[in-house]
Amino acid sequence: MYSGVSVRALALATAGIFAAAGCGGSNGPVGQNPAPPDKQVLRVNVDTEPATLDPTQQSWAYEGAVGRNVFEALTRPKADLSDVEGAAASSWTVSGDGLTWTFKIRSGEKFSDGTPVTASDFVYGYKRLLDPTVAAAYEYNFEMIAGASGYARVDAKSASAVRSFLNGLGLSAPDPQTFVIKLDHPAPYFKWVTSLWVAVPLKKADVDAAGADFGAVTADSAAKIHGNGPFVISELVPKDHITLSPSKQYRTQAILQKVILYYISDANVEFAKFQNGELDMTRGVPNPDVPTVLNDPKLSKQLLRGPTLLNYWINFNTTRAPLNNGDLRLALAKSLDRESYIKNVRKGVGTSATYFIPNGERGYEQSDTQKYDCNQAKQLLAKAKTAGVTDTQLAGLHYMYPASSARKASSEFFQQQWKQCLGLNIIVDAVEGQTYANKLKTSVHDFWIAGVSGWQADYPDGQNWMDLFVTGSGNNYAVWSNKQYDQLVQKADNAAKQTDRDTAYSQAQKLLEQEAPVMFLFQDEKFLLIASKVRGYHRSAIDDDWIGDVATATTMYIAA
Amino acid sequence: MRRGALPFLAWIPRGRGTTLAVFIIRRLLWMIPVLFFVIVITFVLMHLAPGGPWDREGKQLTPQVINNLNIKYGLDKPLPQQFLTYIWGVVHFDFGDSLRSPGQHVSQRVLESWPYTFTLGAVTFLLLVPLGIGLGVVAALRQNSVADYAALGLATAAASTPNFVIGIFLIIFLALGMNRLTGGTFYLPTGGMPQPFNPFQVELIMPVITLGALPTAYIARLTRSSTLDTLRQDFVRTAWAKGLKARLVVMRHVLKNSLIPVVTALGPTFAFLVTGSFIVETLFSIPGIGRSFVTSISGRDYTMILGTTILFAVLIAVVNLIVDVLYVFIDPRVRLSD
């Protein structure tokens, strides 16, 4: 899910040591003394208004906050993130060659208007996701479906070309309860892909009735969307809020009668609203207020901290001298004291990280390769200089970051660290957000050092992380290319046995840390406030916002 | 201003006999070329700015998705063609779809947020005019007195404190502080605006103060200096010499004349207030147009940028027209023709 890398994620710092990785925060047992129904109102902040209510086009956490409540995918991750469990599907089987996945739709599964959910609604939803005229951002995650790899070559302007592409996809519904997906190649992580919030059943009648306006965030369009999830949109005031109410058709009825989603993008405002009793949950705490919260007797009791699968790093442009020198990159990586960064700049929120796959997910390995060691960094710099890196080149290094006051503090800290250890004077450039995004793109890559970038797991499988740094990946801002890494990742992505996958990912990860196209910085932590009257909230490391793959509003309630 | 430049406007009568109605029609027609150039300039600047609507700092869109998005919104066509298509749409009051919000029309998005911004701006304006002018007049009449220094000091303080400081200060002390102090009996929400077009909601208190501080101070200072100028005029001395009562001198002679520059300033002030403030709207969670405009610029939502700019241009043109018409009633020396 696109998240973490927003300016906000940095501004909203979070702290600490992950004691029990993999199992997140939780506040109170379920079912104890709930308040009467008229008091069952939960007010949360999702940061930004969703751009669309069409789940197939949603790509941000604040959009998934609606989509995940209104729709339900085939599967969902188990609370301990070890595997997926059935959601809209009651069971499934995978053929011996790993290519045919057969899902049985849960009997009694219904849309909010009472019509039963059939396999063809899933076929329709999956096809919309891969429809070039829809141009859904998460299409890429589904290109292992038979025929889908031709997506890029379809002429979106030709209706017949689009139709024949969609009809040729390996999606079928032999009977109303059976949804069959055929893949082009074995992909053991596909089970996770079927749990994504974009892969849901859609009512063709809803889409046909709205046409191009399907999913528009308007007061009247909300009632025209029927999902199979636990909630329906009961009220929508554009740009102000969305109210969700339980769907009468869902198999378990939520205790909450209203969930109001507000769009507050300023962390200080959010914090003030929580203190003033206008919000029941925050997304974080403004960095300067972290000590206040920890020391306040009332606020500290309402604090919820937990690990999150979100890692941050700094990118090196590996195609530009002198950063094409691996020793120089590693020298820069090893000359930054991350512990001091977490303590002083981030006020103790997050953990320093020199690893790629985050703590709390299968494949996490502590690594010392990029660990802070100033003496080794100096030796590496000397080695780089003997290999031809000149002082003039070093004097021309710039660090680029998207302008914001929170990021300014971080950037100046990095600058000072590099100067202190290596004696390098790296010039710091603050760049307007969209310009930064453009310069970072792999097709432009006009920078030396840029940061801070991050990645939040879409699903807890190594593939979601390791594919980032494969040659040609759009998120490989370092434009790093390593044949050995590419081969290892491809092998691991497709291998049938999990142990084979683990070994190959581990090798690839070590290579990545050693080659240092990026320097790992820290793993984020969720550091949020939740009113003491709110109970039954269980979050896992994969969840970003108040609701996620595991955390669900159906278990939450307001205590009397 | 030269009026003969555009031949298609030549049929409008000119000269001393121009009536108010013709003046207004002429000015309204003039808005067409003005708007055209506003669109041209915005269109060019917007496309010159680095990055595009599909660039993002986080997870990148794949090239094939970007390609399909460009086709979906017509951004694959050459720029001149995109421009002509846009102009053709505007002529038919079709401002296109927001690039960042699939399926949503720009006109709808803009009209949704406009009532909030307008309510806040109009309430602020209605309060600041009497307050600003009152403070200015009192200060001028009691020049160098305590009242003068107090009014001037207040105005200077209000003008030099950034609005985000005022806003945060109000939230912390007025909303949070009072709530805590009174144990909840004094409860002021930190923001929001439940009903647009309703000037009587407690939610408006803090944003109105925050938004109005600077313009009130500006109007107060302007009124003060203008009133001081007028007080020194010969006709005021004559009025005093005639033995007129102070109230008559001030109301009939001083105030009427000293308000002319103030009225000139009120036009842009009103336009400034009703086009929204990003900071005030963000601080007080108001779903207004100032916030949406800044967001669409930073997100390079081309159609939203153009649509909002057109609305602002029309607003400013109309406000200026109203000010020009008001002159006629305030200053008999002003004629509507050249």
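In the range A:118-205, if the dipole is taken from +1 on Lys/Arg beta carbons and -1 on Asp/Glu beta carbons about the Cα centre, which of A:LEU183, A:SER160, A:ILE145 is farthest to the positive end? Final value for the positive-end residue is A:SER160. Amide H contacts under 5 Å for A:ASP429: A:TYR399, A:MET400, A:TYR401, restricted to partners 5 or more places along the chain or on a different chain, H placed in the peptide plane at 1.01 Å from N.
In chain A, helices alone account for a calculated mean residue ellipticity at 222 nm of -8000 deg cm²/dmol, with every DSSP H run of four or more residues adding -39,500 (n - 2.57). In the range B:110-286, taking the dipole from charged Cβ atoms about the Cα centre, the farthest positive-side position among B:PHE235, B:VAL250, B:SER160 is held by B:PHE235. Summed over all non-identical Cα pairs, the Kirkwood treatment of the range B:35-147 gives a radius of 18.5 Å.
Counting Cα-Cα pairs of the range A:306-526 in 10 Å increments starting at 0 gives whole-percent bin shares of 8, 34, 38, 17, 2, 0. For the range A:356-452, the average shadow cast by the Cα convex hull is 8.2 nm², which is a quarter of the hull's surface.
Taking the centroid of alpha carbons for each part, the range B:49-124 and the range A:413-464 are 29 Å apart.
3J(HN,Hα) along the range A:122-136: 5, 4, 5, x, 5, 5, 4, 4, 9, 7, x, 6, 7, 6, 6 Hz, from the Karplus curve 6.51 cos²θ - 1.76 cosθ + 1.60 with θ = phi - 60°, whole Hz, x for Gly and Pro. Straight-line cross-link partners of A:LYS343 among the aspartates and glutamates, defined as a Cα under 16 Å from its Cα and at least 8 positions apart when in the same chain: A:ASP289, A:GLU412, A:ASP524, A:GLU525. Near A:THR308, the amide H atoms lying under 5 Å from its own belong to A:LYS526; only residues 5 or more places off or on other chains count, and H is placed 1.01 Å from N.
Does the range A:261-313 classify as rounded, prolate or oblate by the C-alpha gyration tensor (a ≥ b ≥ c root eigenvalues; a/c under 1.5 gives rounded; else a/b over b/c gives prolate, otherwise oblate)? Oblate, since a/c reaches 1.5 and b/c is not below a/b. Magnitude of the charge dipole for chain A, about its Cα centre and with charges confined to Cβ atoms of Lys, Arg (+1) and Asp, Glu (-1), is about 600 debye. Computed over neighbours whose Cβ is under 12 Å from that of A:ASP240, the net charge equals -3, Lys and Arg +1, Asp and Glu -1.
Across the range B:110-286, Cα pairs under 8 Å and at least six residues apart give a relative contact order of 38 percent. Residues whose amide H lies under 5 Å from that of A:ALA146, counting only those 5 or more places away or on a different chain, are A:GLY170, A:LYS182, A:LEU183, A:ASP184; hydrogens are built 1.01 Å from N in the peptide plane.
Across the range B:147-244, counting alpha-carbon atoms alone, Rg and Dmax equal 19.7, 61 Å. Please report the base-10 log of the normalised intensity I(q)/I(0) for the range B:110-286, using a Debye sum with one equal scatterer per alpha carbon and no solvent, at each q in 0.17 (1/Å). Normalising to I(0) and taking log10 leaves -1.02. Test of the criteria: in the range A:112-190, which trypsin sites (Lys or Arg not before Pro) are in a DSSP loop and have at most 15 other Cβ atoms within 10 angstrom of their Cβ? Within the range A:112-190, the qualifying trypsin sites (Lys or Arg not before Pro) (loop, at most 15 other Cβ atoms within 10 Å) are A:LYS157. Among B:184-196, A:519-531, A:54-66, A:88-100, sorting by the average number of other beta carbon atoms lying within 10 angstrom of each residue, highest first, gives A:54-66, A:519-531, B:184-196, A:88-100. In order along the range A:365-373, the Karplus-derived 3J(HN,Hα) couplings, from 6.51 cos²θ - 1.76 cosθ + 1.60 at θ = phi - 60°, round to 9, 5, 9, 9, 3, 9, 5, 4, 7 Hz, and Gly and Pro are given as x. Across all Cα pairs in the range A:427-560, the calculated P(r) in 10 Å bins from zero up to the longest distance comes to 10, 30, 28, 20, 10, 1, 0 percent per bin. The mean count of C-beta atoms from other chains within 10 Å of the C-beta of residues in B:283-293, rounded to a whole number, is 3. Among the DSSP helices (H) of chain B, those spanning at least 15 angstrom by Cα along their long axis with an average Kyte-Doolittle hydropathy of -0.5 or more are B:20-48, B:79-91, B:106-141, B:146-160, B:205-231, B:256-274, B:302-330; this is a geometric and hydropathy rule only. Computed over chain B, the per-residue total of -39500 (n - 2.57) for DSSP H runs of n ≥ 4 gives a 222 nm mean residue ellipticity of -21000 deg cm²/dmol, rounded to 500. Residue by residue, the range A:286-294 carries 3J(HN,Hα) couplings of x, 3, x, 8, 4, x, 4, 5, 5 Hz when phi is fed to the Karplus relation 6.51 cos²θ - 1.76 cosθ + 1.60 (θ = phi - 60°); x denotes Gly or Pro.
For peptide A:435-441, the mean count of partner chain Cβ atoms within 10 Å of a residue's Cβ comes to 6. Taking the number of Cβ atoms within 10 Å of each Cβ as an exposure proxy, the fewest-first ranking of A:ILE542, B:ILE322 is B:ILE322, A:ILE542. Calculated over chain B, the projected area of the Cα convex hull averaged across directions stands at 23.7 nm². The relative contact order of the range A:193-287 comes to 16 percent, based on Cα pairs under 8 Å that sit 6 or more residues apart. Note on B:72-82: average number of Cβ atoms from other chains within 10 Å of each residue's Cβ is 1.
Taking the centroid of alpha carbons for each part, the range A:64-105 and the range A:249-312 are 29 Å apart. When the Cα positions of B:THR190, B:ASN179, B:PHE200 are compared along the charge dipole of the range B:110-286, B:PHE200 comes out farthest toward the positive end, with charges on each C-beta of Lys, Arg, Asp and Glu.
Within the range B:292-332, find all residues whose amide N lies under 13 Å from a label point positioned 7 Å from the Cα of B:LEU35 along Cα-to-beta-carbon. Under cut-off, by backbone N: B:307-318. Taken over the protein assembly as shown, the ratio of Cα radius of gyration to 2.2 N^0.38 Å equals 1.06. Using just the C-alpha positions of the range B:276-338 as equal point scatterers, what log10 of I(q)/I(0) does the Debye formula give at each q in 0.18, 0.24, 0.25 1/Å? So the normalised log intensities are -0.71, -0.95, -0.99. Under a model in which nothing but the beta-carbon of Lys, Arg (+1) and Asp, Glu (-1) is charged, the range B:197-304 shows a dipole of about 760 debye around its Cα centre. The residues B:ILE32, A:ILE105, when put in order of fewest to most other Cβ atoms within 10 Å, stand as B:ILE32, A:ILE105. Spatial offset of the range A:146-177 relative to the range B:177-223 amounts to 56 Å, using the alpha carbon center of each. Rounded to the nearest 10 degrees, the angle from helix A:483-494 to the longest Cα principal axis of chain A is 20 degrees. By the count of other C-beta atoms within 10 Å, a proxy for reagent exposure, A:HIS226, A:HIS185 are ordered fewest to most as A:HIS185, A:HIS226. Per-peptide packing, taken as the mean over residues of other Cβ atoms within 10 Å, places A:167-179, A:427-439 in the sequence A:427-439, A:167-179 from highest down.
Laboratory data are not the source of any read-out in this text; all were calculated from the coordinates shown. It should be emphasised that the depicted structure is a prediction, and the values quoted were computed from it without experimental measurement. Quick reminder, even Gly has a Cβ in these numbers, built from the backbone with ideal geometry, and neighbours come from all protein chains shown.
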